[in-house]
Amino acid sequence: MHLVKSIDVLLTMDPSRPGALGGLENGAVLMDGERIVWCGRSSEAPDAEFVVDGTGYIGMPGLVDCHTHMTWAGSRADEFRRRLAGENYTDILESGGGILSTVAATRAASLEWLTEVTVERLHRALSHGVTTVEIKSGYGLEKQAERRQLVAARSAGEKVGVSVLTTFLGAHTVPAEWRDKRAGYTQDVIVNQLPYVADVADFIDVYVDRGAFSVAEGKAILEAGQAMGLGARVHAEQVAYTGAAQMAAGLGALSADHLEQLDEAGVKAMAEAGTVAVLLPGAMLYLKDPAPPIAELRAAGVRMAVATDFNPGSSPVSDLWTCVSLACISMGLTIEEALKGVTINAALALGLSDRGVIREGMRADLALFRPPPGEPVSEAVLVQHMGGHKADHVWAQGRKLV
Ligand SMILES: [Zn+2]
C-alpha cells in the first residue's frame with residue numbers, strides 16, 4: 001500500500017465533498033494496487049508500508065486529455081508559415097495541404113516508427129501529469145494505414161503506462177484518390193475500414209464541417225460505428241455551423257468537440273442528451289476562431305471538458321496545462337470549470353466513471369504539482385501561470401511513473 005500524505009491542497013473533484021473541486025487541506029490518499037482505497041485528512045490516515053510526503057504540493061487526479069491526434073508522421077511547419085502569411089485553413093486544405101500532407105507522410109511511416117514517436121509524445125504528456133489520453137486515427141484514410149495508427153497508439157500506451165483510448169476517424173477528410181467520388185468514400189469508411197479496425201478502437205468520430213463531411217454522411221458513419229459497439233464523438237460546429245452537435249446529441253454521442261459555431265438548438269440538444277462539450281482552445285487560437293458559447297453551455301448545464309487537440313497542423317499544442325489557461329483567458333471558463341474540464345468531465349467525455357476523481361474505489365491515478373517559485377500552494381496559480389507545469393510525482397493505475 002502507498003500512502004501520500006500531508007498534501008497541502010488536494011483537489012479530489014469529488015462532487016460529494018464540499019467546494020467546487022472537493023478540495024481538502026492537508027489531504028492524504030491511500031492506494032492499494034490499481035485502486036484508491038481511502039482518501040481524507042492526513043490526521044486520520046491509516047498506516048501504510050510506503051509513505052510519500054506531499055508537503056508543498058497540489059494534488060489532483062491524473063489528468064485526462066480527451067481529444068488528441070497524437071499519432072502522426074511528417075511536419076506542417078511550412079503550412080504554419082503560409083497561414084502566418086495570410087492563407088486560411090480551408091484554402092490550404094483545398095489545395096492538398098493541411099490534413100492531406102499529414103496523410104501522405106503517415107501512410108509512408110512504419111508501425112514501429114509511429115509507435116516510437118507516440119511513445120515520446122506520451123512521455124511528454126505524462127510529465128505534465130496526464131495519465132489518460134484519447135488518440136484518434138484519421139491520417140491513414142484507408143483501412144491498413146488507419147489500423148496501423150490505432151495499433152501504434154495502443155501499444156505506445158502500454159509501453160509508457162499511460163491509459164490510451166483509441167478513436168477511429170476514417171472520416172477526417174476525403175483523401176485525394178476519392179475526391180471525385182465522395183459518396184464512395186463514405187461507403188468505404190463504413191463497409192471496408194470500420195470492420196477492419198473496430199477491434200482496436202474504443203470510439204468512432206467524424207469531422208463534420210464545410211469542406212469535410214456533411215451531417216447526413218456523419219450520421220451514417222457514427223451509426224455504423226455504434227452498431228459495432230463503438231462510442232460516438234464528433235468534430236462539430238468548428239469552421240461553419242452545420243447542425244452536427246444536434247445530430248450527435250440525437251445519437252447519444254459521448255461528446256461534441258470544438259463548438260465555436262454552436263447555436264441555441266445545439267446547446268439544448270446536448271444538455272438533454274448529456275453530451276459533453278469538449279473545448280479545444282489550442283485550435284481556436286491557431287485558427288483565430290471565435291469562442292464557443294460558454295455562457296449558454298453553462299446556463300444549460302452542459303458539462304464542459306478541455307483538451308489539447310494535439311495535432312501537427314491546427315493545434316500543435318502538447319501541453320494540457322496551456323489549454324487549461326487558454327480555456328479561461330480566451331473562452332471565459334472559470335478556474336474551477338477548467339480544472340474539472342481536464343479531470344472529471346474529461347473522463348465523462350470518454351465514458352469513463354472510474355477516474356478523474358480521487359475517491360475510494362477509483363483508479364489510482366494521482367499527480368502532485370509544486371506551484372511556480374515564490375507562489376502560494378494554490379490551484380489558481382497553476383491556471384494563472386500559463387503552461388509547462390511538470391508533475392513531481394505521478395501514479396497511473398497505482399504504478400509510480402514519475
Ligand atoms: Zn480534433
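The values are calculated or read from the model by the stated rules, or taken from the named source; none is laboratory data. Nothing here was measured: the structure is a model prediction, and the numbers come from that model. Note: ideal-geometry Cβ built from the backbone for every residue, glycine included; neighbour counts use all protein chains shown. Ligands, DNA and RNA are stripped out before the accessible areas are found, and what is left, the full protein with its side chains, is counted by its heavy atoms. Shrake-Rupley method; radii C 1.70, N 1.55, O 1.52, S 1.80 Å.
Share of pairwise Cα-Cα distances greater than 21 Å in the range 234-319 is 22 percent (whole percent). Remark: spin-label model distance S43-Q226 equals 5.2 nm, labels positioned 7 Å along the Cα→Cβ axis. Surface listing: R303, R147 arranged by accessible area from highest to lowest gives R303, R147, probe 1.4 Å. Ligands, DNA and RNA left out, the 1.4 Å accessible surface of the range 214-307 is 53% carbon and sulfur atoms. Here the range 93-173 exposes an accessible surface that is 50 percent carbon and sulfur, computed with a 1.4 Å probe and the other protein chains kept in place.
Among residues other than L10 with Cβ under 12 Å from its Cβ, the summed charge is 0 (Lys and Arg +1, Asp and Glu -1). Built from the Cα atoms of the chain, the convex hull projects on average onto 18.3 nm², one quarter of its surface area. Compared with the dominant principal axis of the Cα atoms in the chain, helix 99-108 is inclined by about 80°. Along each principal axis, taking the top coordinate minus the bottom one, the Cα set of the range 156-215 gives 43, 23, 20 Å in descending order. A simple count of charges around R233, restricted to other residues whose Cβ falls under 11 Å of its Cβ and scoring Lys, Arg +1 and Asp, Glu -1, yields -3. For a modelled paramagnetic label at R35, 7 Å from Cα along Cα-to-Cβ, the residues of the range 364-386 in reach, with backbone nitrogen under 17 Å, are 364-366. Cross-link reach is defined here as a Cα-Cα straight distance under 14 Å, omitting same-chain residues fewer than 8 places apart; for K268 the aspartates and glutamates meeting it are E296.
The antiparallel fraction among DSSP beta bridges confined to the chain stands at about 40%. The mean accessible area for residues of the chain, using a 1.4 Å probe and ignoring ligands and nucleic acids, is 37 Å² per residue. Full extension of the chain between E360 and H385 gives 5.9 nm of extra length, using 0.36 nm per residue less the Cα-Cα distance. Counting only lysines at least 8 places from K181 when in the same chain, those with an alpha carbon closer than 27 Å to its own are K136, K143, K219. Report the net charge of residues surrounding E34, where surrounding means a beta-carbon distance below 12 angstrom and charges are Lys +1, Arg +1, Asp -1, Glu -1. Here the charged neighbours net out to +1. Over the range 304-402, the reciprocal of the mean inverse Cα-Cα separation, the Kirkwood hydrodynamic radius, stands at 14.4 Å. Using a Gaussian network model of the chain in which every pair of alpha carbons under 10 angstrom is joined by a spring, one finds that among E134, E94, E272 the greatest mean-square fluctuation is at E94.
The slack in the chain from S16 to E94, taken as 0.36 nm per residue of separation less the alpha-carbon distance, amounts to 23.1 nm. For K5, the lysines whose Cα falls under 16 Å of its own Cα, not counting residues fewer than eight places away in the same chain, are K400.
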